[in-house]
Amino acid sequence: MFKTLPFRLLFTVLLLNAWNVHAESLKVAVSISPLHSLVSHLGKDVFEPSLIYSTDQSPHSSALKPSQLQQVVDADVLIWVGEDLEQSLGRLIEQRALKSTIVQLFDENGLTGYEHGLKLLENRPSLFPQQEGLHDDHDSHDEHDAHEHGHDHGQLDPHFWLDPLNAIAFSKAVAEQLIQLDPSHKDNYEANLKQLIIDLNILNRNIHVETAGLKTKPFIVFHDGFQYFEATYQLNGIGAVVLNPEQPPGPKTLSLLIDAAKNYSVTCLFSEPQYDARYLNVIQSKLPFAKIGVIDTLGSKLEPGPTLYFELLTQLSASMSECLE
């Protein structure tokens with residue numbers, strides 16, 4: 001079910017040392033590559049943001065290196081999703097006594113400033129969204145299966161950027177904050193935002209065309225992190241190997257996934273480059289006609305920068321089309 005703000009949002013913008021940055025370009029640090037790409041558009045001709053997590057790091061579990069810690073300390077502006085996604089960054093912000101002005105776009109009490117149409121989805125409680133309750137009878141003696149169904153994410157799914165319309169809402173919110181902090185570049189931020197919205201709408205239309213023939217074709221993903229893409233383009237994901245990528249599946253889950261894949265005549269399984277594909281290989285070995293494709297939420301093979309977001313979603317769409325067709 002879609003949740004429209006005000007509900008607890010999943011990203012926070014920290015505006016650090018706000019009163020001391022007017023004389024020089026903002027030092028903007030962004031946690032993950034898709035958001036970094038969008039902020040790079042907004043900062044065109046004003047600043048170049050730094051990227052904290054490299055594209056091949058999982059923000060769920062990767063520890064921050066000293067150089068990444070320094071980025072956080074040095075930043076005037078820190079843009080991140082939240083502790084539900086970037087766990088080590090969340091611990092750093094919580095533990096570090098930052099002497100800074102902190103502005104949260106949204107907090108646990110809901111909307112704190114404005115609304116730009118961001119639509120959020122609740123985390124799915126089951127690995128099998130089309131088969132509610134399939135996991136309810138799991139064997140409590142299977143230690144893996146007994147624990148793997150909990151999701152370390154919060155109530156809302158943090159992978160909101162996989163919907164281009166959410167990318168527009170995010171960009172509007174960040175642009176508004178940048179203008180408040182750096183009003184001397186208001187015209188730049190507004191012009192950059194206007195062009196970014198045009199480009200994102202074109203991207204959205206292109207993906208709708210690309211995926212139009214895929215709506216009835218079932219597939220299984222490794223990690224249940226793609227539901228925004230599935231919902232936006234009405235795709236037919238019938239299951240995931242794990243809800244939490246840091247908790248491996250047990251034998252019972254793999255057996256249930258194999259049965260579900262056979263029942264739905266699944267011919268495509270999707271791995272992610274940040275995670276081991278061996279569990280998908282186990283499922284594929286029981287499905288003689290199934291292929292393994294690769295899809296990515298972060299762009300692990302892409303060059304960070306303004307084009308990454310567009311390349312990421314275009315490649316995601318193309319990878320699904322190639323495997324499912």
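The values are calculated or read from the model by the stated rules, or taken from the named source; none is laboratory data. The model shown is predicted, which means the values in this text are computed figures rather than measured ones. Here the Cβ positions follow ideal geometry from the backbone for every residue, glycine too, while neighbour counts run over all protein chains shown. Just so you know, the surface numbers come from the protein's heavy atoms only, side chains and all, with ligands and any DNA or RNA stripped out. Shrake-Rupley method; radii C 1.70, N 1.55, O 1.52, S 1.80 Å.
Remarks
- Gyration tensor verdict on the range 157-256 (Cα atoms; rounded if a/c is under 1.5, prolate if a/b is larger than b/c, oblate otherwise): oblate
- Rolling a 1.4 angstrom probe over the range 209-309 with all protein chains present gives an accessible area of which 53% lies on carbon and sulfur atoms.
- Shape call, the range 208-273: gyration tensor on alpha carbons, a/c limit 1.5: oblate
- Under 5 Å from the amide H of residue 122 lie the amide H atoms of 3, 157, each residue being 5 or more positions distant or on a separate chain, with H modelled from the backbone and absent for Pro and chain starts.
- Distance violations [Cα-Cα > 22 Å] among 119/301; 217/286; 217/301: 119/301; 217/301
- Overall form of the range 262-325 per C-alpha gyration tensor (a/c, 1.5; a/b vs b/c): oblate
- Placed amide H near residue 292: partners under 5 Å, 5+ positions off or other chain: 269
- Given charges at Cβ of Lys, Arg, Asp, Glu: the range 282-325 dipole, positive-most of 313, 289, 302: 289
- The length gained on full extension between residue 184 and residue 202, counted as 0.36 nm times the residue separation minus their Cα-Cα distance, comes to 3.5 nm.
- The distance linking the range 307-325 with the range 193-211 is 13 Å (Cα centroid to Cα centroid, whole angstrom).
- Sequence ranges 57-66, 281-290, 156-165, ranked by mean other-Cβ count within 10 angstrom, highest first: 156-165, 57-66, 281-290
- Each residue of the range 277-282 was assigned a 3J(HN,Hα) from its phi angle through the Karplus curve 6.51 cos²θ - 1.76 cosθ + 1.60 (θ = phi - 60°); the sequence is 8, 5, 6, 5, 4, 4 Hz, with glycine and proline shown as x.
- Summed over the residues of the range 168-266 and divided among them, the accessible surface reaches 38 Å² per residue at a probe radius of 1.4 Å.
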